[in-house]
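The values are calculated or read from the model by the stated rules, or taken from the named source; none is laboratory data. Note that the structure is predicted; figures quoted are calculated from it, not measured. All Cβ positions, glycine included, derive from the backbone under ideal geometry; neighbour counts span all protein chains shown.
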């Protein structure tokens, strides 16, 4: 009688005899190599996005085919032959085996169909902006740029002037919500339908128009359209002789604006704060366009245009305020210290308020000046006064949100930004701050979606690229952070902000040499730029070049002279105290770090704030004062708890909690928090390397393993970046 075998043993013996396992294993190795080559080739060769998905599906479905071929056929020296039966499996067992195979193949096919059925369909129109839970206000309007239909296509400036003048007049109407120019003019020449534009701009009505000339006559057509159904509410045509262009713009814009106001109910005019000089008004508006772009060259151009506006009308208060806040912004983006910028700005703010005590622009500039020297309460008061005077003035809302964020009041910051984005939904600076708020509160994915959709509209915006890079870096996506930062740098290689962002990325990637090369190049033309100097300090510290880092800080302080504001002095004390502690100067470190701590009743939270307090505790402990060190740890704990109450849930707060627990000799809990920081994106290897506060953890196997994981992540990211760089050559 033949020996009976169990189904499992018989199946394994038959698989081995027919060399099925060896064949399938060889196929798996080939598949692995193919997928690796595919992953490296898709982007450099610009292959279709669906191709990797198709290849994966085909190679997976190839496994059962390889199984069947290996089962039934064998390769001999004289050719391919059908495999002879050995009788290990009965007919019923063979039927069971192949039934299992068919069910597995059917199940696999069903899963692929459900998951990938839409992958190969032609893509629809790109989603240009992530939808937000905003509902358009009842009385709301967007003014699109008037289209130039002239035969010579030379009246675009005239159409823009009419559109801008209408916007200016409508902004004076109480109860009317007007989409900001930065958002509505983004649809110049757009093929989007009115309903989609209205949804994106969050308005119920849209004004569009056209300009055409014939000889010495000009015709303007304007239509007010209901977004909900796409029908016209009214349409008017204006025919004029081409005499004084500015006068025609003013007349037609006023007529259109009055007709628009009559189309809404319950509207009243606000008090006007504008110039009678159309040339001054145009220079001011054009200056604001450059002002929003936030590069040194654009801000300098804005100053020149604001000066032109004042040449035409020396009593134009908004132009003085604009000059003031542009100088203040140059201290952030350009090559001038905060003190010098504040001195230039203060006289212009005072002049603007003298000309118009109720100038929203002047109060916003005053708030910015106070914010930059650390007077947060005074800054908030000024910004709120500006918004009370003109709730449509977006810069005041942007800066108010910034002050609230700096104070750790993240839910309030969120609301202010949401309200501002209802009025200016395509404003890049509002969006990046909104995304940053989401990231701080643990929802970077939504923030990434918002910025990503905006980047589809404006792929060359260095503001979007720069901020997305910083957020990707902070959330552990090192390769994507480098791609975005490098793209911004390629577009604006002389912009200090873009240089600093790329340099910080290289520091996290472990290449301090490349970071330093970039920074030194930037400092050749912007030696006083705070972003470049801050990045250089970070680069030196990451390389343990503490003496050079200290000299850099002291030279930087000398640029400010003896009139250093208290808030700025605390920042310098913090950085100098950190260096002193790393160099073993514990007494000096304690003195500097304690002096750098702000008021305890200040609810502000930031990684630097908690680092300052915990480093002060460490230095105090090393100088023999354990009681004071414990009190400082208690202060750090209170700040972290306040942050948690305000919704903070990012990698940084988990790291700070890990530090606090390590310093309190709770290593197991500290490692849990450190692992949570890693899981949420913490990849700053250089920080772990030099952070003395984590000394109680360094000999623990799980800490060593985490360090190795981060090193591996950084090495892998650099390898991918190197491959991308070579592929681009």
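Could you say whether any residue in the stretch 550-565 is at pLDDT 95 or above and more than 22 Å from residue 372 (Cβ to Cβ)? Checking the stretch 550-565: at least one residue is at pLDDT 95 or above and more than 22 Å from residue 372 (Cβ to Cβ). Within the stretch 161-193, the set of residues being over 23 Å from residue 419 (Cα atoms) and without any contact (Cβ under 8 Å) to a residue 60 or more places away in the chain comprises 163, 188, 189, 190, 191, 193. The helices (runs of 4 or more DSSP H) falling completely within the stretch 360-412 include none with 3 or more residues that are surrounded by 23 or more Cβ atoms within 10 Å (Cβ to Cβ), modelled with pLDDT of 95 or more and in contact with a strand residue (DSSP E or B) (Cβ under 9 Å, 6 or more places away or on another chain).
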